[in-house]
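The values are calculated or read from the model by the stated rules, or taken from the named source; none is laboratory data. All figures in this text were calculated on a predicted structure; none of them were measured in a lab. Positions of Cβ are generated from backbone atoms using ideal geometry, with glycine treated the same way; all protein chains shown enter the neighbour counts. We work out accessible area using only protein heavy atoms, side chains counted, and drop any ligands, DNA or RNA first. Shrake-Rupley method; radii C 1.70, N 1.55, O 1.52, S 1.80 Å.
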Amino acid sequence: MSRDRASTVVRRAASVGVPNLIEVLLAAWLVATAASQHANRNFDRVRSNPWTMTLLPDWRFFAPRPAIHDYRVMYRWVDDAGEPSAWQDAAEIAPRRLAQALWFPERRTQKGLFDACTELTKAVGLDPDRLHRSVAYRLVRDYVERRISQRVPEPPRGFQFVVVADPGYDTNDTPDYLFASRFEPWRTDA
């Protein structure tokens, strides 16, 4: 590029001005973000680069296969006399409050438990030793153990938990018992 042509390009770029350049960049970012939300996954090529993936959020509101049930985790413990307790819910869902529209950190715990149950039910066909060493199993086990330690005054001998696919408000459907854990002895460091 010749020196005269280069100076002409620089003058034209300077004449555009910084505010106009910012507007153009923001408009391009808006269009690229909107395009990356399209249901057709071919538009995801724009987000394949780590830099563009960071700059272009993925705000698809509906998954390809949305969840059609909730997971309930229920547990029972065995006391020192060897008697099992009644089954109890590990997580009671409290009624929603208006303030939770702005601040709801407890939702992360519920989502984490849902994701762990999803992974656990996918791993049910694995070798039992491998299943019990899986991250999902340990997460659910530790969650239940923590709940028991908060609710039971004396440490029990051990506990067991089940994962249930609960249809929620749909009373026409019955719960589906997906996984029952082995008896877990109580750990003294819990």
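The requirement of being assigned to a loop (DSSP other than H, G, I, E, B) and not β-branched (Val, Ile, Thr) is satisfied by Ala91.
One line per residue, one yes/no per condition, for (1) over 21 Å from the mean Cα position of the chain (by Cα); (2) touching a residue at least 40 places away in the same chain (Cβ under 8 Å); (3) within 27 Å of Trp186 (Cβ to Cβ):
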| residue | (1), (2), (3) |
| --- | --- |
| Asp80 | yes, yes, yes |
| Ala86 | yes, no, yes |
| Arg97 | yes, no, no |
| Asp115 | no, no, yes |
| Arg147 | no, yes, yes |
| Val163 | no, yes, yes |
| Thr171 | yes, no, no |
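Within segment 66-88, the set of residues being open to solvent by less than 50 Å² (accessible area, probe 1.4 Å) and part of a loop (DSSP other than H, G, I, E, B) comprises Gly82, Ser85.
The helices (runs of 4 or more DSSP H) found entirely in segment 94-190 that carry 3 or more residues being open to solvent by 40 Å² or more (accessible area, probe 1.4 Å) and closer than 30 Å to Ala81 by Cβ are 135-151. Hey, any hits in segment 53-63 for a residue that's assigned to a loop (DSSP other than H, G, I, E, B), among the acidic types (Asp, Glu), open to solvent by less than 100 Å² (accessible area, probe 1.4 Å) and modelled with pLDDT under 80? For segment 53-63, residues assigned to a loop (DSSP other than H, G, I, E, B), among the acidic types (Asp, Glu), open to solvent by less than 100 Å² (accessible area, probe 1.4 Å) and modelled with pLDDT under 80: present.
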